[in-house]
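The values are calculated or read from the model by the stated rules, or taken from the named source; none is laboratory data. The shown structure was predicted, so the numbers you read here are calculated from the model rather than taken from an experiment. All Cβ positions, even for glycine, are placed from backbone atoms using ideal geometry, and neighbour counts span all protein chains on display. What goes into the accessible areas is simple: the full protein's heavy atoms, side chains included, and nothing from ligands, DNA or RNA. Shrake-Rupley method; radii C 1.70, N 1.55, O 1.52, S 1.80 Å.
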Amino acid sequence: MTIGVGGSTAAAELARLEDMTGDVAPIGIDEIKGRLAKAQSLMRAAEIDVLYLHAGTNLLYFAGVDWHPSERLVGAILPAEGELQYILPAFEASTFKDRLLIDGEIHCWEEHESPYALFDQVLAKICGTPCRLGIDESAPFFISDGLRRALAGSEIISATPVTAGCRQAKSANELAIMQRAKDMTIEVHKAAARILRSGISTTEVTEFIDQAHRAVGEPAGSYFCIVLFGGATAYPHGVKDPQILKDGDMVLIDTGCELEGYHSDITRCYVFGQPNGRQREVWDHEHAAQAAAFTAAQIGAPCGSVDQAARAVLEGYGYGPDYAVPGLPHRTGHGIGLDIHEWPYLVRSDRTPLEPGMCFSNEPMICIYGEFGVRLEDHFYMTADGPKWFTEPSPSIDDPFGYEV
């Protein structure tokens, strides 16, 4: 039997888990002010007059306001020189003020009024119009279209050079939060493996993982969860129907949680019972590809070179070529932070140089439709000396959690 798999119950494992968040420090006001200063420096270098930060992760990052985006315009306006300002519906003003960390003038529109006309008035006071406006890349089309119509003559561009320019390199505080989130999810993975038994359903395991994430300190439970058995493990994001576990099945569990807005996202893959020769061989190939990607991640190298390193290993074993299956049909990894998938990406076309503070998943999955798949996903961050794992990879298919290493 695979070490650490089976032999326990959901009740016993939930009783064993403890809150791991007691000493986690949230991002403070001084750090947020530093982000704004860097953003304004990047804006001036790019000759951007004003930035619009829409409700969501960019508003959280640059203003400390956790606000779910909706069909209404809610966000912040950052000039290249001057103080942050806010624009939102009047009926939300009291609630919004309660969440403010960074002071700034609040501009409100009533439900029958145009927020875009109000935005135009604010810009006229800040920098005059027309101007060069960078729009949050996560803002929906109706926002950019509304602003384009209202701001006649202004140039509207993507804010990505500024938002990504600030967010893709994490601070020590961000890395500490992300480390704890990943530590939490690893403990949940271990607990989930121990409750497996013949006849358990993927639905039951998913429900347990949600409860386990709550037990380690995330009140919202799992941010996401994919549990797959047998042939379904060949599909990167799963299949529509639940499965029932049987002896000899490959098991793939991909899950994560959110802590202070930052994400974990870890996949473990192993066999329930005794691995056969085919499962062992493919698992080892995946393990080698993940290791090659990690080794290739060096300061100054383009992000795409990491993907190429993993793919070269797999093609050497006869997979592919390129994105063909059996093989790796998707990129090797993604950036992670306040968004679970964010820039830059470990994909051939991304030529962004690797720099300290960047954080990535490393998951060069092998998909063999009709048989099974293997995905080993751990995350690393870049230091001045090269990559460093948040979580150590599985050492072997027989001991996926490293209990006997």
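Go through (1) free of Cβ contacts under 8 Å to residues at least 24 places away in the same chain; (2) under 13 Å from residue 159 (Cα atoms) and name the single condition residue 55 misses.
If we test residue 55 against (1) free of Cβ contacts under 8 Å to residues at least 24 places away in the same chain; (2) under 13 Å from residue 159 (Cα atoms), just (2) comes out false.
Got a sec? Which of 290, 298, 279 is in contact (Cβ under 8 Å) with a residue 60 or more places away in the chain, under 26 Å from residue 402 (Cβ atoms) and assigned to a loop (DSSP other than H, G, I, E, B)?
Values: 290 fails: assigned to a loop (DSSP other than H, G, I, E, B); 279 fails: assigned to a loop (DSSP other than H, G, I, E, B).
Result of the check over 290, 298, 279: 298.
Please return the ranges of strands (runs of 3 or more DSSP E) entirely within region 65-183 where 1 or more residues are polar (S, T, N, Q), within 26 Å of residue 339 (Cβ to Cβ) and without any contact (Cβ under 8 Å) to a residue 40 or more places away in the chain.
Values: elements: 75-79, 85-89, 106-109, 132-135, 155-158.
Counting at least 1 such residues, we get 155-158.
Determine, yes or no, whether residue 21 is surrounded by 12 or more Cβ atoms within 10 Å (Cβ to Cβ), closer than 20 Å to residue 400 by Cβ and of a type in the set (Ser, Thr, Tyr). Talk me through it step by step, then tell me what you get.
On the way: surrounded by 12 or more Cβ atoms within 10 Å (Cβ to Cβ): yes; closer than 20 Å to residue 400 by Cβ: no; of a type in the set (Ser, Thr, Tyr): yes.
No.
Scan region 52-59 and give yes if some residue there is part of a loop (DSSP other than H, G, I, E, B) and surrounded by 15 or more Cβ atoms within 10 Å (Cβ to Cβ), otherwise no. Break it down stepwise before answering.
In the first step, residues of region 52-59 are kept if they are part of a loop (DSSP other than H, G, I, E, B); the result is 55-56.
Filter again for surrounded by 15 or more Cβ atoms within 10 Å (Cβ to Cβ), leaving 55-56.
Yes, some residue in region 52-59 is part of a loop (DSSP other than H, G, I, E, B) and surrounded by 15 or more Cβ atoms within 10 Å (Cβ to Cβ).
Can you give me the number of residues within region 218-234 that are over 19 Å from the mean Cα position of the chain (by Cα) and buried (at least 18 other Cβ atoms within 10 Å of the Cβ)? Don't jump to the end; show me each part of the working.
Keep residues of region 218-234 that are over 19 Å from the mean Cα position of the chain (by Cα), which gives 228-234.
From the residues that got through so far, the ones that are buried (at least 18 other Cβ atoms within 10 Å of the Cβ) too are 228-230, 232-234.
Looking only at that region, the number is 6.
Among the listed residues 135, 200, 209, 177, which satisfies the condition of being open to solvent by less than 30 Å² (accessible area, probe 1.4 Å), over 27 Å from residue 81 (Cβ atoms) and touching a helix residue (DSSP H, G or I) at 6+ places or on another chain (Cβ under 8 Å)?
Values: 135 fails: over 27 Å from residue 81 (Cβ atoms); 200 fails: touching a helix residue (DSSP H, G or I) at 6+ places or on another chain (Cβ under 8 Å); 177 fails: touching a helix residue (DSSP H, G or I) at 6+ places or on another chain (Cβ under 8 Å).
Step by step, each of 135, 200, 209, 177 is checked, and only 209 is open to solvent by less than 30 Å² (accessible area, probe 1.4 Å), over 27 Å from residue 81 (Cβ atoms) and touching a helix residue (DSSP H, G or I) at 6+ places or on another chain (Cβ under 8 Å).
Take the conditions within 27 Å of residue 318 (Cβ to Cβ), touching a residue at least 12 places away in the same chain (Cβ under 8 Å) and open to solvent by less than 10 Å² (accessible area, probe 1.4 Å) and apply them to residue 256. Does it pass?
Values: within 27 Å of residue 318 (Cβ to Cβ): no; touching a residue at least 12 places away in the same chain (Cβ under 8 Å): yes; open to solvent by less than 10 Å² (accessible area, probe 1.4 Å): yes.
No; evaluated as a whole, the condition is false for this residue.
Can we say residue 193 is modelled with pLDDT of 95 or more, out of contact with any Pro (no Cβ under 8 Å at 6 or more places or on another chain) and either aromatic (Phe, Trp, Tyr) or over 19 Å from residue 76 (Cβ atoms) (or both)?
On the way: modelled with pLDDT of 95 or more: yes; out of contact with any Pro (no Cβ under 8 Å at 6 or more places or on another chain): no; either aromatic (Phe, Trp, Tyr) or over 19 Å from residue 76 (Cβ atoms) (or both): yes.
So residue 193 does not fit the description; no.
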